[in-house]
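FYI, it's all coordinate maths here, none of it is from the lab. Predicted model, so just to flag it, every value in this text is computed and none were measured. Don't worry about glycine lacking a Cβ; one is built from the backbone with ideal geometry, like all the others, and counts go over all protein chains shown.
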Amino acid sequence: MNPLPVIDISPLYAQDDQAWHVVARRIDAACREWGFFYIKGHPISAERIEHVIGSAQRFFAQPLSEKLKIDITQSQHHRGYGAIATEQLDPDLPSDLKETFDMGLHLPADHPDVLAGKPLRGPNRHPDLPGWQALMEQHYRDMQALALTLLRAMTPALGIERDFFDQRFEQPVSVLRMIHYPPRHTATSEQQQGAGAHTDYGCITLLYQDVAGGLQVRDVRGQWVDAPPIDGTFVVNLGDMMARWSNDQYVSTPHRVISPLGVDRYSMPFFAEPHPDTRVECLPGCTDEHHPPLYPPTTCAEFLLSRFADTYAYRREQDATV
């Protein structure tokens, strides 16, 4: 039996304030106990998901030489294709058995942030596939809107105004990622996992996963619990940035992906992150004389870049040359 909560968020889109607060309390409880939950009743259609995942499958099926035309290691702002073993989420294990495509908020080359060379800012690097760019840019916008709907529901329990996150997510550095996990038998060793145990870096993650399964969450006892795919849902989890904001009242939970046997796995996480200059520090309602702030203040960009350097060898090399 799956112990993770499944929350119908459709009342978040209705006019009934009482029902809205009931859902908000359920989300708050899940954030404190698990840091993981499923959502249903969201506005992202099954047809959209099928279209996006189908496009991702066609992209990953291309020859490596074609995918490397948008090689992420040649990007200054972390956009494009990441080949197998580009990432190492668990430093004690081999690099991950997966390939990826990353995109973010598209800022043209003449945008002031891009001209200023600000990190994580720039144009997207899309493959040359019919309809891909329009589809992915629209899906990015829709996922950002869904993430903000969830973040607003967290504000009452955190003691902040309902528009707190709306203000901080103007021109965000959120990332939409496509992931292909090859079957387990293609691993270079028995220790190589699809994605090693890790916590997410940012605010919240919304994950679509296909029917292959393989996602596991570590509970408070340290046991690994399966988070199986449930039709029509996203898995939502909190990241380290939200843990810092909430002073660990909200849990950033370790999770991993065990590559499936005999089949390919496709997933699509959306990492919701604020504007890069956003100050991330303990919220006033999350600290008192018995619970001092656990983390020093930082900014979104500073924190994300420090975590990227731990995960991506190419980022460490780029940083060393700056």
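Each of the peptides 61-71, 243-253, 212-222 was scored by the mean count of other Cβ atoms within 10 Å over its residues; in descending order, highest first, they stand as 243-253, 212-222, 61-71. Going from the fewest other Cβ atoms within 10 Å to the most, the residues R48, R279, R125 appear in the order R279, R48, R125. Across the chain, Cα-Cα pairs farther apart than 29 Å form 35% of the total. Summing +1 for each Lys or Arg and -1 for each Asp or Glu among the other residues whose beta-carbon sits under 14 angstrom from that of R26 gives 0. Centre-to-centre separation between the Cα atoms of region 106-139 and those of region 1-50: 30 Å.
Look at Y295, Y81 and count the other Cβ atoms within 10 Å of each Cβ; fewest to most, that gives Y295, Y81. The distance between label points at D277 and A145 comes to 2.7 nm (points 7 Å beyond Cα on the Cα→Cβ vector).
Cross-link partners for K69 among the lysines, with Cα-Cα distance under 22 Å and sequence neighbours closer than 8 places in the same chain left out: K98.
Charge tally for F60 (other residues, Cβ to Cβ under 13 Å; Lys, Arg +1; Asp, Glu -1): +1. Electrostatic bookkeeping for S246 treats Lys and Arg as +1 and Asp and Glu as -1; over the other residues with beta carbon under 13 Å from its beta carbon, the sum is -2.
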